[in-house]
Every structure is written in C-alpha cells, then in structure tokens.
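To start, the structure under review is shown below, and the notes come after it.
The values are calculated or read from the model by the stated rules, or taken from the named source; none is laboratory data. This is a predicted model, so every value here is computed, not measured. Here Cβ is always computed from backbone atoms with ideal geometry, including for glycine, and neighbour counts include all displayed protein chains. For the accessible areas, the whole protein counts, side chains as well, though only heavy atoms, and no ligand, DNA or RNA atoms are used. Shrake-Rupley method; radii C 1.70, N 1.55, O 1.52, S 1.80 Å.
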Amino acid sequence: MTSMTIHRQAQVTLSTRRAIKLLYCPQENFYCEVVKNWQIMMNTGHQCGSPTVDNRPKYYGREYHGMISREEADQLLSQAEGSYLIRESQRQPGTYTLALRFGNQTRNFRLYHDGKHFVGEKRFESIHDLVTDGLITLYIETKAAEYIAKMTINPIYEHVGYTTLNQEPTLKKHLPLSPEAPDGPAPAKDDHNTEERLTSLVRRATLRESDLVPKYEKVHNFKCLLVYKKDYCLYSNCFFIQVHTFRGPHWCEYCANFMWGLIAQGVKCADCGLNVHKQCSKVVPNDCQPDLRHVKKVYSCDLTTLVKAHNTKRPMVVDMCIQEIEARGLQSEGLYRISGFSELIEDVKLAFDRDGEKADISSNAYEDINIITGALKLYFRELPIPLITYDAYPRFIEAAKITDPEKRLESVHEALKLLPPAHCESLRYLMAHLKRVTQYEKDNLMSSENLGIVFGPTLMRAPDLDAMTALNDIRYQRLVVETLITNEDVLF
C-alpha cells in the first residue's frame, strides 16, 4: 500500500488538572462524576511523501485521501487514537465517508455537505469542528452511557431551574383579575328592553367574562441551539427561526446534568427560555410559562403563547378590535368585506407589536373602520397555527360535507372539542361578535353567508393539501364559519 500519513489528528485527553464536578442526585441518593472541563488536543501532522490526490472536492483539505478501502483507512488510522480521514466510497463513487479512530476501533460515518459539513443533525463550518464535537460526544456516551440512560427517569425538574424561577407567587395566583368588558357594547341605561334582546349566549358569556383567566396548558416551543444560515429545525411542529449555540458550560434544567458538545448541545424553548437535553425535551411537562422577554411580537405569534404571556383570555388584538368595531362600525356597509388601506393596516399591526394593549386604534387615529377590520383579519391570517388548527381542520371539513343540518351541527360541536382552549375561547368570542354583525344586516349588508365567505379562508388553512383539494375546500370553509355564526349560542 502507498505510504501516506494523515494530515490532521484530533486526540481527546483529560487534562491532569481537569475540573471534576460531583453532582448529587437526590432522587437516586448517589453522586455521579461529571467531567466539567476537558482539553481537546489538536496536532497537525506532516505530509511525508503523500501523493497528490486527484479530483479532491473543494470543501475538503489534506484530510481527503481519495478512493481507498476501509482496510487501508483502518491501517492509516491505527497510528493514533482520535485520528481521522475522509475517503471516497468505492461502492458508491461520489459519496464520502469520515473514518474516525476511537476506542481502538475505526468508525465510519457517511459524510454530507450542503454548505456545512454534517453526519447527523448538527452542521459544522469545518471538518475539524465536526470531528472535535464527535469525539466529545463519543467519549461522554462511552464513559457515561448507563447514567445518560437514567437521566430522564428521576429528574429534579421540580426543584431547580425553570420551575422555581418562573412559578408565580402564591398570592398572585389567587388574586382575581379585574373583570373584562362583556361580549358586545354596553346596553343603554334608558332602554329597558335591551336585556330581553340579549341572547342566552351573551348572558352566559357576560357571566364568564368576570371569571379568572383560565390556566391554558402550553407545550414548550423547543428549537435546536445552533445558528444556521438557512433555518433548520429538529422538530416538525416548531417554527423556523434563528437560534444560538451555548457559550461556556451549561446544564440541563430538567435533569440538571451537563450539556456536552461544541455546538447544538441541547434544545431551548423560544417562549420561556428553558434549556434542556434533546432527550429530556421529550418528557418535559406541558407547563411552558412564556416570558415577555422572549415573546416580543403580537402578530405572527402563537395564540396560546400570546395569551399566556400577557395573562389574558384572548389576544388583545381580538378584544380591542372587536370592541372598537362594535362601538362605531356595526352599521357600516360592507363591514369586513371592504378592505382598508393596506399601509394603514400595517400601521395598526406595528402599533400592536410595539405598544401592545396601549396601541391607539380609536377614531382619532383611524377614522375608517375598515382599517380596524382589516387589522383583525390580518391578525388571524398571520397566526402560525390557524384559529381553527391544522389538527382540527379535517374534522370541520368532514362536518361541513354532512347534508343533514342536525347531524352537521353535532359533528361541528365534536370538532370544536379538538381546539386548544385559547383557540376555542377566541373563536367563541369572534362568532358572538359576527352574529351581532348579522343583526345589522339591513344596514351593513353582511349576512352569515357573506361573513363565511370572508372568514372561511382567514380562520382555516388546509394542512399540506394540493392546490386543487385546497380550492375545493373553500366552499366547505365558508359553510363551517356560517354554521358557527348561525348556531353560536348552541355550539359554545
């Protein structure tokens, strides 16, 4: 075999002055040794008589050894623990393998490049960083495999980190909030027939409005802790945003163990800031308490996240816009059908994102009520998860296809049970408002059918359907909203 030496070898050695942390686990009643600091020794080899390799990919350096066999790679790497090379596959030309020496064995990994190097989920700027992170991970998983398997079994989540830092004071939990305005405008004092004209739904809703804000359950919004030029997410239900890697040592806030690796050491909740191992994220309770330091927008923010962050029943946009519309716009012709100026609608959006509940949407700021209706519709359109969620969407469409009115109503009622509580409450409030809009149909010319046409595609979005199916669903979306408006006093 041609004599070749390896350009670069990475050797993992524990420093003689290493810092050891003894971590006490109260549930297990034992101490576990955690390596807090180790030294990655990077030694540059010499190219002694190594022949020039033809057709070397531009993103590989002298660690690339061309098309050699596994046996040749194993022989080359036997010189030093932690050494590595890249070879082209003989069976599948054009594909590449990272051969890495660890534990007196040569391990082979299929290597990929899409602007960054990766063999799994993590992506690296250089092969050097990839190998370094891999050696750290292999070392930890080899030396502490048994303990890693037990990390999530007896967590100390209730005693450290996120839970203790974010729990509400006991007194605050029991203080009643100031009652919100009831559904609809306040009745005039001189009209003794007002209460008789209120529907049973509005009376029930008025009573409910004075209750405490419900404690909505919310899952953590975990992201991979790594900066990518292209947005990348480990979880299909996550939103695609840029996140960061840890600087310095970090510990998991679920199991309180060290989070190892150069980058992407764990996952982080984008809403409350909880940092945990990837495997721990699968068992963390659905008790996310969004922090306003992390929730910086109103529009395009998950609905449940927004109401929990602001401790309200419904998004402030929904409450404030509906109250403004009912105060001065119920008789406006073409209400919700006529669009306001898009620039001014964007101004309202920016005002809510900037000022929250202090945003001024009064007639002094926006005389045209169509600007307020446009801002409300825009809020629902920009929800990352629609008001009628993707999970519930098929059930609502199936219900709309039922021809028998009573069976359709029963099916819609069952579909409503699939909505998250915050979504269901916001939908209830919106439908009660739209029914009051229809009571002024002679003035505004907006029937439940017309409102269904406007709000169907706004409140419902087809999950990953082809264009033709989505187009066919439009009529059923209209029918769903029309049914909700007409029967809101029965369905909610």
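Net charge of the neighbourhood of A400, taken over other residues with C-beta under 11 Å away and scored Lys/Arg +1, Asp/Glu -1, is +2. Here the calculated FRET efficiency for I338 and D291, from their Cβ-Cβ distance with R0 = 60 Å, stands at 0.95, rounded to the nearest 0.05. Of the peptides 437-450, 372-385, the ranking by mean beta-carbon count within 10 Å, highest at the top, reads 372-385, 437-450. Model label sites at Q279 and A467, defined 7 Å from Cα along the beta-carbon direction, differ in position by 4.6 nm. Note on surface exposure: L451, L418 rank L418, L451 by accessible area, highest first, 1.4 Å probe.
Using R0 = 60 Å, the C-beta based FRET efficiency linking Y476 and Q105 works out to 0.50. Largest to smallest in accessible area, the residues D129, D464, D302 fall in the order D464, D129, D302 (1.4 Å probe, all protein chains included). Net charge dipole, the range 401-487: roughly 160 debye, given to the nearest 20, about the Cα centre with Cβ charges of +1 for Lys and Arg and -1 for Asp and Glu. Spin-label model, L138 to A80: label points 7 Å out along the Cα-to-beta-carbon direction sit 1.4 nm apart. The shape of the range 297-450 comes out oblate: with a ≥ b ≥ c from the C-alpha gyration tensor, a/c is at least 1.5 while a/b does not beat b/c. Ordered by solvent-accessible area of protein heavy atoms (1.4 Å probe), largest first, the residues C424, C321 come out as C424, C321.
Cross-link check: pairs K377/K417; K313/K377; K313/K442; K297/K435; K308/K358; K282/K349 evaluated at a Cα-Cα cut-off of 28 Å; pairs beyond the cut-off: K313/K442; K297/K435; K282/K349. Once R0 is set to 41 Å, what does the formula 1/(1 + (r/R0)^6) return for the Cβ-Cβ distance between Y59 and K417, expressed as a FRET efficiency to the nearest 0.05? Plugging the Cβ-Cβ distance into 1/(1 + (r/R0)^6) gives 0.20.
A probe of 1.4 angstrom, applied to the heavy atoms of all protein chains, finds H310 with accessible area near 70 square angstrom. Once all protein chains are placed together, T142 keeps about 80 Å² accessible to a 1.4 angstrom probe. Annotation: peptides 64-72, 103-111, ranked by per-residue average of other Cβ atoms within 10 Å with the highest first, follow the order 64-72, 103-111.
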